[in-house]
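> Pasting a structure below so you can have a look.
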Amino acid sequence: MWEFSLNLRSENFSLAKQLFLSIKEFSSSLSGVVTSHEEHGYISILIGAKKEYKQDYEHFLSKLITQTICSYYKSEFLSQNLILPRHDKIGVFAFKKALLNFDRETDYYIIGRSLDFNKNLYLESFYNFKLAPLKAKWAELVSLANENRDYLISTDSFIDLLKFLIDNLDICEEEVDIIEEPNGYKLYLGKEDDEDFANKVLNEEALISSIIDLAPQKINLYCHNNSSATNLLEKIFDQRINVTTIGSAAVQKINK
């Protein structure tokens, strides 16, 4: 029997719950046992499985923990340390999202080489003490942005830097379609098994977040009129986006 525990401080209850549900769902196909309990200020997620599935769990946990650190903890780090001049809300959101995804593969590598699944892992301690090189890397990125804060007061300069960040993100999707709906936007990746966006209507922030995560090579945008989100996408994706302004009847036809 292989046993492992993932431990988080009690104040991170919401994050612990997300991780527990993800691990439990994965474990259901491998006949593993996943439980949790809270004691002495920590929430422990306990995993028990046959030794033959150890590598499967390690691969899954490595990906899950890496993504958690590169999203949840990096987002907190940016919020605490990044000082940006005043710009429109959607532009600042996009800038932080681009920084969150910038040089993601190196972030993943630094985390992956430090992970050890022999017995247990205390997530906050792992992040704070084992990942000093990762935090130093993030600090350099934030310092560069903060030192150029006066330069970024200009909207054109701000957009130029945001475009530079976008252009240097790893492309995760070849082509996506965005269709404006009366109450938001729908995103299509051209995959039959696309469960992430199927039947979901995205607001402006969710649209910007999803597109930056995907960093597509080509974007086809079908919209009724320009919004702050679509205007920003046109500027930062530049030659990679094709915009078609159409009426509601045409949009309904495309949806079908």
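> Working carefully through the options 95, 158, find the one that is at pLDDT below 90 and crowded, with 16+ Cβ neighbours inside 10 Å.
158
> Restricting to strands (runs of 3 or more DSSP E) lying wholly in region 1-90: which have 3 or more residues that are crowded, with 17+ Cβ neighbours inside 10 Å?
Values: elements: 2-9, 33-39, 42-49.
It comes to 2-9, 42-49.
> Collect the residues in region 102-140 that are among the basic types (Lys, Arg), within 16 Å of residue 7 (Cβ to Cβ) and in a loop (DSSP other than H, G, I, E, B), keeping them in residue-number order.
Matches in region 102-140: 119 only.
> Return the residues of region 108-129 that are closer than 15 Å to residue 73 by Cα and in contact with a helix residue (DSSP H, G or I) (Cβ under 9 Å, 6 or more places away or on another chain); say none if nothing qualifies.
Step one: filter region 108-129 for residues closer than 15 Å to residue 73 by Cα, giving 108, 110-111, 122-129.
Residues satisfying the conditions are 108, 110, 111, 123, 124, 126, 127, 128.
> Let me ask something additional. Which one of these is at pLDDT below 90, among the aliphatic types (A, V, I, L, M), under 18 Å from the mean Cα position of the chain (by Cα) and surrounded by 13 or more Cβ atoms within 10 Å (Cβ to Cβ): 141, 189, 214? So that I can check it myself, show each step before the final result.
Working: 141 fails: at pLDDT below 90; 214 fails: at pLDDT below 90.
Of 141, 189, 214, the one residue that is at pLDDT below 90, among the aliphatic types (A, V, I, L, M), under 18 Å from the mean Cα position of the chain (by Cα) and surrounded by 13 or more Cβ atoms within 10 Å (Cβ to Cβ) is 189.
> Among the numbered criteria (1) modelled with pLDDT of 90 or more; (2) among the acidic types (Asp, Glu); (3) more than 30 Å from residue 86 (Cα to Cα), which single criterion is violated by residue 167?
Result: residue 167 passes all but (3).
> Further question on the same structure: Scan region 1-14 and report the pairs whose first residue is modelled with pLDDT under 95 and whose second residue is in a loop (DSSP other than H, G, I, E, B), with Cβ atoms within less than 6 Å and a gap of 6+ or a chain change.
Note: pairs meeting the criteria are 4/117.
> Still on this structure, please answer the following. Starting from region 145-162, keep only residues that are within 16 Å of residue 238 (Cβ to Cβ) and hydrophobic (A, V, I, L, M, F, W, C), then list their pairs with residues that are assigned to a helix (DSSP H, G or I) and open to solvent by 50 Å² or more (accessible area, probe 1.4 Å) whose Cβ atoms are within a distance under 9 Å, requiring at least 6 positions of separation or different chains.
158/151; 159/235; 161/151; 162/235
> Only residues that are surrounded by 12 or more Cβ atoms within 10 Å (Cβ to Cβ), in contact (Cβ under 8 Å) with a residue 24 or more places away in the chain and not hydrophobic (A, V, I, L, M, F, W, C): list them for region 163-181, please.
Listed by number, the residues that qualify are 163, 168, 173, 175, 177, 180, 181.
> For a quick check of your reading of the model, give me the residue pairs whose first member lies in region 100-127 and is farther than 15 Å from residue 71 by Cα and modelled with pLDDT under 90, whose second is buried (at least 19 other Cβ atoms within 10 Å of the Cβ) and not β-branched (Val, Ile, Thr), with beta-carbon atoms closer than 6 Å and at least 6 apart or on different chains.
117/4
> Sticking with this one: Could you go through region 123-134 and let me know if any residue there is closer than 30 Å to residue 45 by Cβ, surrounded by fewer than 15 Cβ atoms within 10 Å (Cβ to Cβ) and of a type in the set (Lys, Arg).
No - not one qualifying residue is present in region 123-134.
The values are calculated or read from the model by the stated rules, or taken from the named source; none is laboratory data. Keep in mind that this is a model prediction, so the values were computed, not measured. Heads up, the Cβs are rebuilt from the backbone with ideal geometry, glycines too, and the neighbour counts pull from every protein chain shown. Just the protein is used for accessible areas: all its heavy atoms, side chains included, with ligands, DNA and RNA removed. Shrake-Rupley method; radii C 1.70, N 1.55, O 1.52, S 1.80 Å.
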